[in-house]
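Inspection log for the structure reproduced underneath, given as structure tokens.
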Amino acid sequence: MSTVDWTAWRPQTAEPAAEGLRERKKRLLRQRLSDTATEMFLERGFDAVRVAEIAQACEVSEKTVFNYFPTKESLVLDLGETTMAALRAGLADTDHSAVEVALRILSDELRALTSWIAAQDDPGQAAAMIRRFGALTRSTPSLRAYHRDMTDRLVTVAAEVLARRVHRSPDDPEPQIAATALLGLWSIQFQSLGKHLDGTRTATQIHEAVTADVRRAAELIAAGLNSFEGAAPAR
């Protein structure tokens, strides 16, 4: 099966040049599994495709698929794990505000996607494929549930790190609402992509338009988050 390199729009967590042969084989198999699954889901629908069929198409066992992806949903929605790692590391750096950290991560994710669009032979068709991917996620109950669960996990992680920054408990209302507001920027980026991936804009124009939307939203919450980070610990 010939597939599109869907994983290429995800920010890379390691330089490929630093990989050994074993790591490279694992990365390429993971990419092949995710790309093949995405193609099959888009063609037939998420619920109509069994994991065993994906394994057969990639000439591996079903157990091998689950060794790389713990759930069927994570075959196509695994960016959250990369975002979580970036949030943990970025928010731990107190030299930058929480909003600055979030904007940097979102920019990296957006740049990976728009660079992928620009690299395709037909950028308009590439944008249409991403719209189909978004429609698949929205129309599939289990994918929506998986996405909500991942968002909850990201909020929990962000609240924990933000609480440490100001010496509070992560269960306090302030870090909870701060984390929720911060993760709301990912929803803004997703919604903005849906609006601007209309097949008429270039990759550069998409990047600029989405970035502008996200920054407008960030400006609205920045004052509150900066106030939270500058507050004294609760007694």
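Laboratory data are not the source of any read-out in this text; all were calculated from the coordinates shown. Bear in mind that the values here come from a model prediction, so they are computed numbers and not experimental data. So basically every Cβ, Gly included, is an ideal-geometry build from the backbone, and we count neighbours across all protein chains shown.
Taking θ as phi - 60° and the Karplus parameters 6.51, -1.76 and 1.60, the scalar couplings of segment 213-221 work out to 4, 5, 5, 4, 5, 5, 4, 5, 9 Hz in sequence order, x denoting glycine and proline. What the Kirkwood sum gives for segment 55-127 is a hydrodynamic radius of 15.0 Å, with every pair of different alpha carbons counted. A simple charge model with +1 on the Cβ of Lys and Arg, -1 on the Cβ of Asp and Glu and nothing else charged puts the dipole of the chain at about 240 debye relative to its Cα centre.
Based on C-alpha pairs under 8 angstrom that are at least 6 apart in sequence, segment 79-229 has a relative contact order of 32 percent.
Take every pair of alpha-carbon atoms less than 8 Å apart whose residues are at least six positions apart; their mean separation over the length of segment 164-231 yields a relative contact order of 43 percent.
Looking at segment 58-178, what % of the alpha carbon pairs are farther apart than 19 Å? Across segment 58-178, Cα pairs with separations above 19 Å total 61 percent. Computing Cα Rg over 2.2 N^0.38 Å for the structure here picks out one of (i) 1.02; (ii) 1.32; (iii) 1.08, namely (iii). Computed 3J(HN,Hα) for segment 107-117, one whole-Hz value per residue from the Karplus formula 6.51 cos²θ - 1.76 cosθ + 1.60 where θ = phi - 60°, is 5, 4, 5, 5, 4, 4, 5, 6, 5, 5, 4, glycine and proline marked x. Taking 27 Å as the limit for the C-alpha separation, the pairs 26/195; 25/195; 26/72 exceed it in the case of 26/195; 25/195.
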